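The values are calculated or read from the model by the stated rules, or taken from the named source; none is laboratory data. Every value quoted in this text rests on a predicted model; they were computed, and no experiment measured them. With ideal geometry, Cβ positions are generated from the backbone for all residues, glycine too; neighbour counts draw on all protein chains shown. SASA here: full protein model, heavy atoms, side chains in, ligands and nucleic acids out. Shrake-Rupley method; radii C 1.70, N 1.55, O 1.52, S 1.80 Å.
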Amino acid sequence: MLDTRLFHHLVTWLGQWPTRQPLQVVGSERRIRPAWDGQVRPAVGVGAPGGLVLSVPPDRLAAVRELAAKPFDTLLAELPAVVGHPGWQSYPAIFRYSLAPAPLPDAGEWVASDDPALPTWLRPFGDVLVARDDDGEYLAGVGIKRHDRHGQELSVGTTPAARGRGLARRLVAQAARRVLDEGAVPTYLHAPDNQASARVAEAAGFPDRGWTAYGVFRSE
């Protein structure tokens, strides 16, 4: 049965549920508005088995639909320029979500992200879930990308010295339980070749259902 939170999240975030069409390009005002971190996401796509929806700015809809006639690799390569951001990058990702996080023990506490002891990548998130050692040193953390009230994406990072302890999977499962308790569905994206992130997701209760995600972002 389709989870209503996931349905409302993708319809809100993209403008259309990924119906059973190879590629459906839709226009959404969300592609020209600041996202969770204040930055614009000019193209976002999600593909379920049998269907893919690509959300773009309304004024670029016709141009992207024309581009969609080309091979998909070409579409991804040319998409940043066509949505008005030449020099940015497009990406593919594995899209996962969880309705039943793994019953792993909690590993962290929620703190304000402006804590100077935390790494800079956590700063945009507001409150974050953090694991520390006995001396209070940061080991790992999770931030929540609050896309909308129906769907929230988890982002996790672990210091090199703390890897291999199972902290990331425990933090992701703990954060996912909070998202579900708040009435949203937790999602998790990672690069197709990032096997470490894939293992974390699987262990935390985010199975690979064959879903994909695509987007355009500002390259540093």
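Quick rundown of the values:
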| read-out | value |
| --- | --- |
| Antiparallel %, DSSP beta bridges [both residues in the range 53-201], to 5 | 80 percent |
| Top of VAL111, VAL156, VAL128 by mean-square fluctuation, Gaussian network on the chain, Cα under 10 Å | VAL111 |
| Residue among ALA68, ALA117, ALA173 with the largest mean-square fluctuation in a Gaussian network model of the chain, springs linking Cα atoms under 10 Å | ALA117 |
| Distance in nm between pseudo-label sites at GLU202 and ALA81 (7 Å out along the Cβ direction from Cα) | 3.9 nm |
| Antiparallel %, DSSP beta bridges [both residues in the range 1-84], to 5 | 60 percent |
| Percent accessible area from carbon and sulfur atoms, the chain, protein chains only, probe 1.4 Å | 50 percent |
| Protection-proxy order for peptides 11-18, 99-106, each taking the mean of Cβ atoms within 10 Å per residue, highest first | 11-18, 99-106 |
| Within the chain, longest stretch free of exposed trypsin sites (Lys or Arg not before Pro) [DSSP loop, at most 13 other beta carbons within 10 Å] | 21-148 |
| Percentage relative contact order, the range 1-113, counting C-alpha pairs under 8 Å, at least six apart | 19 percent |
| Residues GLU137 and ASP37, FRET efficiency given R0 of 25 Å [Cβ-Cβ distance, rounded to 0.05] | 0.45 |
| Cα radius of gyration and Dmax for the chain (Å) | 17.7, 57 |
| 1.4 Å probe accessible area per residue over the range 33-77, in Å² | 48 Å² |
| Zone of ASP127's modelled label, taken as backbone nitrogen in the range 95-109 under 16 Å from a point 7 Å along Cα→Cβ | 107-109 |
| In order through the range 31-47: 3J(HN,Hα) via Karplus (6.51 cos²θ - 1.76 cosθ + 1.60), integer Hz, x for Gly, Pro | 6, 10, 9, x, 8, 4, 9, x, 9, 7, 10, x, 8, 9, x, 9, x |
